[in-house]
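What follows is a set of notes on a single structure, which appears directly below.
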Amino acid sequence: MAPSVRRAVVGLAAVALLTGCGQSTPAAKPAQDITSASPVVAQAVTSPRTFTVVSSGDLLLHERLWNQAIRDGKKSKWDFYPQLADIAPITKPADLALCHLETPLATLGGHYTGYPVFNSPPQIVAAVKKLGFDMCDQTSNHTFDAGSAGIKRTLDYLDAASIAHTGSYRTPAESKVPLVMTVHTAQGDVKVGIIAFTYGFNGIPYPGGKKWLANQISVPKIEAAARQVRAAGAEVVIAKLHWGSEYTNYPNSYQTGIAKKLAASGLINLIDGDHTHSVQPIQKIGKMWVIYSHGNLDAAQREPETIKSEGVITRWTFAENADHTFGITKVEFAPTLITDDVPVRVLDVNKALHTGTWVSTTKPRLQKALARTSKTIRSMGASVNLIQAW
């Protein structure tokens, strides 16, 4: 996972970012390696490069999760990691692990708020880092909940933890810099471009009218961003899209229409979807794959028997073709369940059933989650397998 990934911020705006980002801590950028904007030249290889990408659902920080972090912490320090530790055997070994932080982060010890306007405890970042996530975006309908100051705080916290991000920005210069991650494999490095967009911001206007603060979905803008990361050297492009109808287990026409257009462009390898707080299917469209929504990774919507308590973690194996392009050759998934009874835990459902360790839920509830999530994931014809991480 993380040791095999290096963040590369590339593009014409890189120098501007270093000299005028307006960050509170100028030294908080050690994880960013400035590299050439020149495209990677294909080299003859004795064996194809392969790597894995793991992705996950919404981190939606309701108050119940804070209370559990307090219970799990020591010496008055909050600790979110025990809630999520069960998924670490999936996230940590990945060559590139991606997460979605739905909500902005508050000042440490500051005024934290939950639904409907979030300002979340920043202690979550330590758990994200410990789980091995290399990149985490905060491009969602809640991006503007704490204004532009919330965006700045959130990205500063991620920078301090050496976690890459894109889709929301602190300055105009930063918004012009594409995110390209360098994934190290035994066969050679691979450049992976990541872009992130959301359908909207819950009716909140752009703070100060600054349209560069966050990316809003439009097909031309997504395609332009994909071209930008390709021009910056990306050999693989992943689009993180926050979209869809909440609490549904099938994509709407807005999602499927955008997916078809992006597949036809040939610019994107994988659409990594979130937002609906429910699992939606995986589909292959031409050479592009899409998961329409991962559901909740960690949340407390307090409907323990419904799809709101279920999520999925996906793992994608990329392999180099003879022409040095990349395709997805293997797709896997792990259903997850957020327990409602304390201690609140995010469980790898298949693992819990296999090992007989399900903490604060029941075997029938786990079986229900496994059956329902598996059916949903495969409902658009995708050939996918369960992850076995034990």
Next item on the list: Tell me which residues, restricted to the range 228-257, are surrounded by fewer than 23 Cβ atoms within 10 Å (Cβ to Cβ) and not in a loop (DSSP other than H, G, I, E, B).
Entry: Gln228, Arg230, Ala231, Ser253, Tyr254, Thr256, Gly257
Note to self: Test of understanding: among Val237, Val229, Val183, Val177, which residue is closer than 21 Å to Lys284 by Cα and in contact (Cβ under 8 Å) with a residue 12 or more places away in the chain?
What the structure shows: Val237
Margin query: Can you tell me which of (1) surrounded by fewer than 22 Cβ atoms within 10 Å (Cβ to Cβ); (2) modelled with pLDDT of 95 or more; (3) of a type outside the set (S, T, N, Q) is the one Ala42 doesn't meet?
Written below: (2)
Notebook entry, point to check: Can you name the residue in the range 272-289 that is free of Cβ contacts under 8 Å to residues at least 40 places away in the same chain and in a loop (DSSP other than H, G, I, E, B) and, of all such residues, is farthest from the chain's Cα centre (by Cα)?
Noted result: Gly286
Margin query: I need a count of the residues in the range 97-123 that are touching a residue at least 40 places away in the same chain (Cβ under 8 Å) and in contact with a helix residue (DSSP H, G or I) (Cβ under 8 Å, 6 or more places away or on another chain).
Written below: 11
Notebook entry, point to check: With respect to Phe133, is the statement that it is touching a Ser or Thr at 6+ places or on another chain (Cβ under 7 Å) and not in a helix (DSSP H, G or I) true?
Noted result: yes
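Is there a residue in the range 198-217 that is part of a helix (DSSP H, G or I) and of a type in the set (A, V, I, L, M, F, W, C)?
Of all residues in the range 198-217, those part of a helix (DSSP H, G or I) come to 207-209, 211-213.
Add one more test, that the residue is of a type in the set (A, V, I, L, M, F, W, C), and what stays is 212-213.
Within the range 198-217, one or more residues are part of a helix (DSSP H, G or I) and of a type in the set (A, V, I, L, M, F, W, C).
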Next item on the list: Pull up the range 313-328, narrow it to residues that are over 30 Å from Val349 (Cα atoms) and among the polar types (S, T, N, Q), then point me to the one that is nearest to the chain's Cα centre (by Cα).
Entry: Thr325
Notebook entry, point to check: Quick check, is Glu235 of a type in the set (Asp, Glu) and under 22 Å from Thr103 (Cα atoms)?
Noted result: no
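The values are calculated or read from the model by the stated rules, or taken from the named source; none is laboratory data. As the structure is a computational prediction, the values presented were derived from the model and not from experiment. All Cβ positions, glycine included, derive from the backbone under ideal geometry; neighbour counts span all protein chains shown.
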